[in-house]
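Asks: Can you keep this structure in mind? I'll have questions shortly.
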Amino acid sequence: MSVVSVSSVPFSLGRLGLIAGNTFLEAVRQKLFGFLLFLSVGLVASAQFFREFNFGSSELKFIADFGFGALVFFGSALTIATTAQLFFSEIENRTALTLLAKPIWRAEFIFGKLLGVFAVIGIFCALTVGLLIALLWQRESQLMRFDPEAFAGGRIIQYGDLLIVGTLQWIKFGVLAAIVLLVASFSNTNLFTVVMGFFVLVICHLQYLASDAWRHVDSVIGALAVRLLGVVFPNFQLFNLADSIGQGAGIDGALALRVAAYGFFYIGVIGGLAVYSFRHREI
Amino acid sequence: MSSPVAAISIQGLIKDFAITLRGVKLRAVDTLNLEVAEGQVYGLLGPNGSGKSTTIKIILGLLGPTHGEVKVFGVPSGRVEARCKVGYLPEAPYFYRYLSGRELVRFYARVCGVKKPTLKARVDEVIDWVGLSGAAERRVGTYSKGMLQRIGLAQALVHDPKLIVLDEPTAGVDPVGSAEMCELIRKLKNQGKTVLITSHLLAQIEDVCDRVAILDRGRLMIEGAVGDLVGKRDRQALIVDPLPPEDLAALKVWLEERGHHLNAVEQPRARLDQVFLDHVARR
Amino acid sequence: MKFNVTAFRPARTGLGVLAGLGLAGLASQPLERAAWTEVRASQPALALDSIKDALGQGITVGLLGGFRAIAADFFWLRTNSLWEDTDLPGTQTSIKIVTAIDPRPLTFWLNGSRMIAYDMPHWRIARAGGYDATPTVVQRRFDEEQAQVAIAYLQGAFAFHPDHPLLTLEIGNIYLNRLKDLENAARYYLQATKHPDAPFYAARIYAELLRKMNRPAEAYAFLKELHPKLDPENPFAQAPVVLERIRALEADLQIPPSLHYLPAQAKKATEALTQ
């Protein structure tokens, strides 16, 4: 056999990309991805049903709300289930044993998984938001012909904002995927990880209440606990800009950038903590 | 001449698994000292739960030692660089089922950092070497157990490691597959590779190993060259054509006149696996 | 009792993770605070106390969790279903729940008030035995009561949409169409016209109301002031229609032709001719 030249870069983006690519391939071949994508697309498409109510231009708000509702609901479910499944399939099928016995860092493994899931969720978001935009555009064009006065100021829906909201939701799912990986890094079962993922999702959505309420808690220990809750969990409400769509007020670009930076900061930090927790895990 | 660095050096290795917080622990490996010289085929034997797999996982950096030191070519096993020179075939390997054999080997080659110019040739070479050229485009999910072992060996060898760790490479494989695996191990030895092998099939180990160590409940019971351990130095066997009774009696007298004793007269038996191999066509 | 140190590694790691999350939370606070203040400003406070009993625990958590828009949509669909069943208390309660959940969309306020002001009096009359069996006085009382409920409901909307011309116009419409109170209708129409985003028709209807109240001189003055401000290129401004009405009022008021209102372009042409 010939002797080959083997590169041994300490931390390689190439290896990270390979693991991410493999994770992506595995995820899109899972039935769950197709199923949730089908449900989400189905729900967005079922917005046609609002025509029955003759809401006029308000119908667009309903279509947008239901579209983003489907994105948030099924996107969260897909993120939690896929991340946990892809992690535990490596552990339970012992492919992690073969992979981690290679000269790769555990950080490459964790961030590779995270990147792979992020790509899958990106496809999901792009398809759902793409369909939503197409539906809204087509329906708005029809309504403009029926009731031009309601659209005297031009189109009501700001389509750039739809893209911004879709992107921010994608980043939020990235944070959620990092959280699920963090839980998976010490959890023994897929089920526990999924349940914890949903639990943390709810906490992160209600985090702002803890941030607001701790000053009003009477006992010192209670206030400290509530304060801790507010500090430890990221604020998912920050990503909730979809309500502004179709109501005249556009989304502030600088605000969207700040929220995106906040999301990426947490993806990095929580991903790093998942590596920290996973580094001594016995495979 | 400087003393060569051992392929594997294990000094005072102890591995405890915590069972409860109250101090109850399971000692999987107990003060193990081993040296595997470069170029040897080394057998690690022992019943289930004797600590073989734990030792292998520590060598591969998949587990950390509780006490003691494990080095691979002089590098502590927990470091990623230690795995650059190691190829690993896990017991009953499971690979990404949706990849073809070639894609799988290519994936691991890239993970190990095999450089692009040599990648294709190297992948083709190892696939051919393990005799899977005809099935390289098939999905791994359709492979038989023996083929999985061979593709597993291909992924373990693709980055041309100096040390190959084979965990139960013939477990669950039919005698033809086992014999082929033994043949491949001999070829590796001829190439100057160091092979660490665990197996329950002691006869096969005996055939291919230079040295063996026997573990029981985490402790090293015996270690040495195979010939030294299994050979009876105070006995000799003469294999002759069938003798008529009168010739046999004469031989016995002749031996006794010279102070020797004929201990046993037996019919030599062929090994059953050899009979099997002689009658079953190799794939 | 002897403790196993290695058994505590998960606990140590857990504490390390918590500490890391805490530090991340503190480090990200400047970024979060600035963004959150802005996001929060677009989300009116939830008046949960008024609707808590009507919602399940799950929906309450959903609302707190940021799913207000979609929850309000669901309740609006439910309102429509109750409306189809002419369930007066149910519809009225549901309308109020919708805007308590999400007061931002105007459509809820406008359509909700229309159900209250225009549909519910019919339901009450039908329940009282129909138009033939219900005395006119009772019918009028139903109209007035429902109109008052609707107006009070719309007044509540100003807390979230201060001075919004469509809300002002809606109140004017209720005075006009349900209560036949031209005086109050005109008052609200005039108020709406003062808003820069008021629809063009508000001013036209205000002038028409003045005319109907036998105040053609006021209507004429109002339209003369309005016309030059209308963009002739904008089809919704309907400048020619306004000019027609000015001419009609000039005829009604018997204004001599020499004193007729001249649009800006015509004025310029006339001036050029006289020079």
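Asks: Compute the signed sum of charges (Lys and Arg +1, Asp and Glu -1) over the other residues within less than 14 Å, Cβ to Cβ, of C:Thr168.
Replies: Values: positive: C:Arg187, C:Lys194; negative: C:Asp163, C:Glu170, C:Asp197.
Around C:Thr168, the charge tally is -1.
Asks: Run the numbers on chain A and let me know its relative contact order in percent, using alpha-carbon pairs under 8 Å that are six or more apart. Present the calculation step by step, with values, prior to reporting the outcome.
Replies: On the way: 322 pairs, mean separation 69.4, N = 283.
Averaging sequence separation for qualifying contacts and normalising by length gives 25 percent for chain A.
Asks: Let me ask something else. Return the long-range amide H neighbours of A:Leu241 (sequence gap of 5 or more, or a different chain), with a cut-off of under 5 Å between placed amide H atoms.
Replies: Amide H neighbours of A:Leu241, under 5 Å, 5+ apart: none.
Asks: Quick check: Cα centre of region A:182-231 to Cα centre of region B:176-195, how many Å?
Replies: Going from one Cα centre to the other spans 55 Å.
Asks: Place a +1 charge on the Cβ of each Lys and Arg in chain C and a -1 charge on the Cβ of each Asp and Glu, then give the dipole magnitude about the Cα centre in debye, rounded to the nearest 20. Intermediate results must be reported in sequence, preceding the final value.
Replies: Details: 29 positive and 28 negative charges, 165 e Å.
Magnitude of the dipole: close to 800 debye.
Asks: At a 10 angstrom cut-off on C-beta neighbours, averaged per residue, how do the peptides B:163-174, A:112-123, A:134-145, B:146-157 rank from highest to lowest?
Replies: Put in order of decreasing packing, that is B:146-157, A:112-123, B:163-174, A:134-145.
Asks: Once you list every other residue whose beta carbon is under 15 Å from the beta carbon of C:Ile125, what net charge do they have if Lys and Arg are +1 and Asp and Glu are -1?
Replies: Values: positive: C:Arg124, C:Arg127, C:Arg140, C:Arg141, C:Arg178; negative: C:Asp119, C:Asp132, C:Asp143, C:Glu144, C:Glu145.
Taking every other residue near C:Ile125 into account, the sum is 0.
Asks: Let me ask something else about it. Sum -39500 (n - 2.57) across every DSSP H segment of at least 4 residues in chain C, then divide by the residue count to get the 222 nm mean residue ellipticity, nearest 500.
Replies: Values: 15 runs with 184 residues, N = 275.
That calculation yields -21000 deg cm²/dmol at 222 nm.
Asks: Tell me the label-point distance for the pair B:Asp241, C:Asp231, using the 7 Å Cα-to-Cβ offset, in nm and rounded to one decimal.
Replies: My value for the distance between the label points is 12.0 nm.
Asks: Could you order the peptides A:20-27, B:4-11 from most to least packed, using the average number of other C-beta atoms within 10 Å per residue? Show your work: numbers first, answer last.
Replies: Details: A:20-27: 21.2, B:4-11: 18.2.
Peptide ranking by packing, descending: A:20-27, B:4-11.
Asks: Sticking with this structure for a sec: What is the average number of partner chain Cβ atoms found within 10 Å of a Cβ in C:232-240? Write down the numbers at each step before the final one.
Replies: Numbers: counts 0, 0, 1, 3, 4, 1, 0, 0, 0.
Mean partner shielding for this stretch: 1.
Asks: Angle, helix C:264-274 long axis vs. longest principal axis of chain C, Cα atoms, 0 to 90°, nearest 10?
Replies: Once rounded, one gets 30 degrees.
Asks: Apply the Karplus curve 6.51 cos²θ - 1.76 cosθ + 1.60, θ = phi - 60°, to the phi angles in region C:126-139 and return the couplings in whole Hz, x for Gly and Pro.
Replies: Computed from phi, the couplings for region C:126-139 are 4, 5, 7, x, x, 5, 6, 8, 9, x, 4, 5, 5, 4 Hz.
Asks: Which of the peptides B:95-108, C:217-230 is most tightly packed, and how do the rest follow, going by the mean number of other Cβ atoms within 10 Å of each residue? The partial results should precede the final answer.
Replies: Details: B:95-108: 21.8, C:217-230: 17.1.
Final packing ranking: B:95-108, C:217-230.
Asks: All other residues with a Cβ under 15 Å from the Cβ of C:Asp252 taken together, and with Lys, Arg as +1 and Asp, Glu as -1, what is their net charge? List each step's numbers first, then the result.
Replies: Details: positive: C:Arg211, C:Lys212, C:Arg215, C:Lys224, C:Arg245, C:Arg247; negative: C:Glu208, C:Glu218, C:Glu244, C:Glu250.
Here the charged neighbours net out to +2.
Asks: Just grab the label-to-label distance for B:Ala171 and A:Trp137, each label 7 Å out from Cα along the Cβ direction, in nm (one decimal).
Replies: Between B:Ala171 and A:Trp137, the simple spin-label model gives 5.7 nm.
Asks: With the dipole of chain C worked out from charges on the C-beta (+1 for Lys and Arg, -1 for Asp and Glu) around the Cα centre, which of C:Ala219, C:Leu64, C:Leu26 lies farthest toward the positive end?
Replies: C:Leu26
Asks: When you look at the Cβ of every residue in B:80-93, what mean number of other chain Cβ atoms sits within 10 Å?
Replies: 4
Asks: Does the protein assembly as shown come out rounded, prolate or oblate by the C-alpha gyration tensor, with a ≥ b ≥ c the root eigenvalues, rounded set by a/c under 1.5 and, if not, prolate when a/b is larger than b/c and oblate if not? List each step's numbers first, then the result.
Replies: Numbers: a/c = 3.49, a/b = 3.09, b/c = 1.13.
Because a/c hits 1.5 or more and a/b exceeds b/c, the protein assembly as shown counts as prolate.
Asks: Of B:Val195, B:His159, B:Val114, whose Cα points farthest to the positive end of the dipole of chain B (charges on the beta-carbon: +1 Lys, Arg; -1 Asp, Glu; origin at the Cα centre)?
Replies: Going by the Cα projections, it comes out as B:Val114.
Asks: I need to check one value: relative contact order of chain C, counting alpha carbon pairs closer than 8 Å and at least 6 residues apart, in percent. If you can, show how the numbers build up before the last one.
Replies: Details: 218 pairs, mean separation 25.3, N = 275.
That works out to 9 percent.
Asks: Loop-only check: which trypsin sites (Lys or Arg not before Pro) in region B:184-223 are DSSP coil with at most 15 other Cβ within 10 angstrom? Walk me through the numbers before you get to the answer.
Replies: Details: sites: B:Arg186, B:Lys187, B:Lys189, B:Lys193, B:Arg211, B:Arg217, B:Arg219; in loops: B:Lys193, B:Arg217.
For trypsin sites (Lys or Arg not before Pro) across region B:184-223 that sit outside H, G, I, E and B with at most 15 neighbouring Cβ atoms in 10 Å, the list reads B:Arg217.
Asks: Say the dipole of the protein assembly as shown comes from +1 at the beta carbon of Lys and Arg and -1 at that of Asp and Glu; which of C:Ala159, B:Ala92, A:Leu168 then lies farthest toward its positive end?
Replies: B:Ala92
Asks: Within the set A:Lys113/A:Lys172; A:Lys31/A:Lys102; B:Lys85/B:Lys115, which residue pairs have Cα atoms separated by over 18 Å? Present the calculation step by step, with values, prior to reporting the outcome.
Replies: Values: A:Lys113/A:Lys172 16 Å; A:Lys31/A:Lys102 29 Å; B:Lys85/B:Lys115 15 Å.
Among A:Lys113/A:Lys172; A:Lys31/A:Lys102; B:Lys85/B:Lys115, the Cα-Cα distance tops 18 Å for A:Lys31/A:Lys102.
Asks: Calculate, in nm to one decimal, what C:Gln155 and C:Gln57 gain on full extension: separation in residues at 0.36 nm each, minus their alpha carbon distance. Intermediate results must be reported in sequence, preceding the final value.
Replies: Numbers: separation 98, 0.36 × 98 = 35.28 nm, distance 2.96 nm.
Here the segment from C:Gln155 to C:Gln57 would lengthen by 32.3 nm.
Asks: Can you name the helices of chain A, as whole DSSP H runs, whose Cα span along the helix axis is 30 Å or more and whose Kyte-Doolittle mean is not below -0.5?
Replies: On the way: long enough: A:59-92 (48 Å, 1.04); A:106-146 (59 Å, 1.25); A:159-186 (42 Å, 1.72); A:190-213 (34 Å, 1.50); A:253-278 (37 Å, 1.51).
Helix filter hits for chain A: A:59-92, A:106-146, A:159-186, A:190-213, A:253-278.
Asks: Here is a follow-up. So, R0 is 51 Å and r is the distance between the beta-carbons of B:Asn48 and A:Ile221; what FRET efficiency does that work out to, to 0.05?
Replies: That gives a FRET efficiency of 0.50.
Asks: Within region A:180-205, name every residue whose backbone N is under 19 Å away from a label modeled 7 Å from Cα of C:Ala27 along the Cβ vector.
Replies: It comes to A:180-183, nothing else.
Asks: Return the Rg/Rh ratio of region C:199-275 with Cα-based radii and a Kirkwood Rh. Please list the in-between numbers first.
Replies: On the way: Rg = 13.0 Å, Rh = 13.1 Å.
Looking at region C:199-275, the ratio lands at 0.99.
Asks: Relative contact order (percent) for chain B, with alpha-carbon contacts under 8 angstrom and 6 or more residues of separation? Could the numbers behind the result be given before it?
Replies: Working: 480 pairs, mean separation 63.1, N = 283.
This gives 22 percent for chain B.
Asks: OK, next. Sticking with the crude label model, points 7 Å out along Cα→Cβ, report the distance from A:Phe264 to A:Leu163 in nm, one decimal please.
Replies: Here the answer is 1.7 nm between the modelled labels.
Asks: Which whole number gives the average count of other chain Cβ atoms within 10 Å of the Cβ atoms across peptide A:64-74? It would help to have the intermediate numbers written out before the result.
Replies: On the way: counts 2, 11, 4, 1, 3, 6, 1, 0, 4, 2, 0.
Mean number of neighbouring Cβ atoms from other chains: 3.
Taken together, the values in this text are just the output of simple stated rules run on the coordinates, not laboratory data. Source: prediction; values computed, not measured. FYI the Cβ positions are ideal-geometry reconstructions off the backbone, even for glycines, and counts take in every protein chain you see.
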